[in-house]
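The values are calculated or read from the model by the stated rules, or taken from the named source; none is laboratory data. Please read these numbers as outputs of a predicted model, since none were measured by experiment. Positions of Cβ are generated from backbone atoms using ideal geometry, with glycine treated the same way; all protein chains shown enter the neighbour counts. The area values use the complete protein model at the heavy-atom level, side chains included, leaving out ligands, DNA and RNA. Shrake-Rupley method; radii C 1.70, N 1.55, O 1.52, S 1.80 Å.
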Amino acid sequence: MSTSDAKTEEAEKPGGDIAALARGGRTNVFGFVLRLLARLPFLFIAGQLYGAEALGVYAYALLVVELTALVCSIGEKRGLAQRLREGDENPTNLIADSMLVALVLSCIMAAVFFIWPTPLFPNGMSSDLDRWIVLAIPGYALTEIVLAAQAYKYDIGTTVRARAVVEPWTISILAGAFWFVPAIGNAGLTMAYLLSIFAGLATALFPFFKTYGLPQGWVPHPARIIPMVTRALPLAVTDAIEWGTRRVDLLILGWFAGPVALGIYWMAQQVASLPQKLKTSFEPILGPVITAKLKEKDYAAIARQVCQVGFWIVAAQAGIALALGIPGEALMGLMGDAGEFVPGTPALAFLLAAEVVAATAVVSEAALIYVARVRNLWVSIATLGLQAALTVAAMLLIDTLNFADPQRADIWRAAAAAGALMLSLGVASVVKALMLGRILGHSINNWRWALVWAAAAAVVVGQIAILLPEWAELALGIPAIIGVYGYIIWTRGFGPEDRVLFSKKPKPVDDEYPVRETPPL
C-alpha cells in the first residue's frame, strides 16, 4: 500500500477526520507563512519599480486570465475528489479526462485573447509582450487540476511547494530582474507572472506523475467526457462566481476610475488577500474529508468539521486582519515612492474585514457543493449580483458629489468598492450557514466570544503601536498585535479539539464529540 493510500485510510477511520483536517491545515498554514514572505517582496518591487499605473494595467489583465482559467478547469478544484471517490475507472484516466477538457478549452480561449487582447487591456498594453500573458490560461487551469488530484491523496505539501514557494518567489525575483532588461521594460510584470505559473505547474507535475503515473489504456471518448462536463458545469460556474466576488469590484472600479486608482486598489487587495490564503489552506483537505462522511451519511460529523475549520479560519484571519489593518497606513507607505499607495488604506481596512466575514460562507460552501450545489449556485449568483449593485450604486453616488481633486474621488470609489464587497460577503455567510444547517440538521456557527476579547486587546496594543516611528510600528507593532491576540485566543478560545491543529501527533477526536448547538449566525 502506498503512503498516500495509507493516509487516506487513516483519515477515514472513526475520529480521524479532525486529525486529517488539522494535518492538512498545518501544512498549508506553514505554506501561508512562506507565501507571505515571498508575496511582500513582490508587492514592494512592483510598487517601487513599476508604479500604480502599470499595476492597474497588469491587474486588469490578471482579472481576465485567472477567471478564464478557473472556468476552463471545469470546477475540478473541488469536484475532482467526488469523481475520484465515486468512479470505478482508473483514477489516472479520470484525471486525464479532466486535464484534456481543461487544456482544449483554455487553449481556445488563449488563442481568442491573443488575437483580440482588448478585454484584457481596455486601457492599452504597457508593451506588445503583454499579450503573451494569455499562455498562463492553460498553465493555471492544469495546475488547479493536478493540485486537486494530489489533495485527494491528502498530499498538501505539493500545493505548498507550488503555490507558496515556487510561484511567489519566481514572480518576485523575475519582476525585479525584468525591470532591468530594456527589451522587456514595463511588460516585466506580465512576463514574470507567466513564467511563475509554468514554474508552479512543473513543480506540481513531478509528484503527480509519481503518485498516479501515466494513463493506462486511456482513450478520450465523448460518451464519457460530455456527462462529466455537464455534471461539472454548476460547480464550475460556482467557482467562477465565488472568484468573481473578489474581482467584480476591480472590474467596476476600472469602468469608473482610471488605472492609477485601480493600481492603488489592487495593491490594497493584494495585502488584504494574504489572510484569504488561510481559507484556501483548508479547502484541498476539507473536500476529501467531507465526501468520505457523505458516503457514510454522517451529517453530524460534517457539521462538526465545518464548524471546527470555520473557527480556525476566522480566528486566524481576524488576528492577521488586525495586525495588517491597524498599521495599514505605514504598511501601504512601504509599497511606493512618496506615499503613492497610502490613499488605499481605507480600502485595505474594508477588504481585511471582508476576508473575516467571508470565512463562514467559504467553509459552508465546501459542503454545499456536494449536498446542494444548484441552490448554492443560486445563492452565489445572488451574492455577486448584490455586490455589483452595491458597488455601482456607490460609484453613482460618489459621481454626484463635488470633489476638489478628481484623484480624491477615485480614492472614495476604491473604499466604497471594498465596503460593498464586505457587505455582500457578510450576507452570503449568513445565508449559506443557515442553508447548510437546515440540510444537515445541525447548526453551523463559527462564532466564539473569545474573538471579541482577543480583538479588543489587539486594538489596544495597536493604538500604542501607531504612536511609534513608522519602522517600529511595523517591526514591533505587528508582532505585538499578533502576540496578544494569539495568547487570548489560545487561552480563552481554544479547547482540546482546537489544539489538535498545533499538535504534531494529533490524538483522534471522538466521533461522538457533540457539534456545538449554538444558534446560527
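A few comments on the model shown:
- Relative to its residue count, the stretch 299-384 spans a Cα convex hull of 97 Å³ per residue.
- Nitroxide proxy distance, nm - points 7 Å out along Cα→Cβ at residue 90 and residue 468: 5.9
- With a 1.4 Å probe rolled over the protein heavy atoms of all chains, the accessible area of 155, 97 falls in the order 155, 97, largest first.
- Here residue 464 sits with roughly 110 square angstrom of accessible surface, probe radius 1.4 Å.
- Reciprocal of mean inverse Cα separation for the stretch 331-436 (Kirkwood radius, Å): 15.2
- Taking amide H as placed 1.01 Å from N in the peptide plane, the amide H of residue 447 sits under 5 Å from none that are at least 5 places away or on another chain.
- Directionally averaged projected area (convex hull, Cα atoms, the stretch 47-195), nm²: 9.0
- Surface accessible to a 1.4 Å probe, residue 431 within the full protein complex, Å²: 60
- Pairs from 210/293; 293/432; 153/432 whose Cα-Cα separation, in the structure shown, is over 24 Å: 210/293; 153/432
- Just the protein heavy atoms count here, and of the accessible area of the stretch 65-166 at 1.4 Å, carbon and sulfur take up 66 percent.
- Converting the Cα gyration tensor eigenvalues of the stretch 290-345 into ellipsoid dimensions via √(5λ) gives semi-axes, longest first, of 42, 11, 6 Å.
- Ranking 197, 320 by solvent-accessible area of protein heavy atoms (1.4 Å probe, all protein chains present), from largest to smallest, gives 320, 197.
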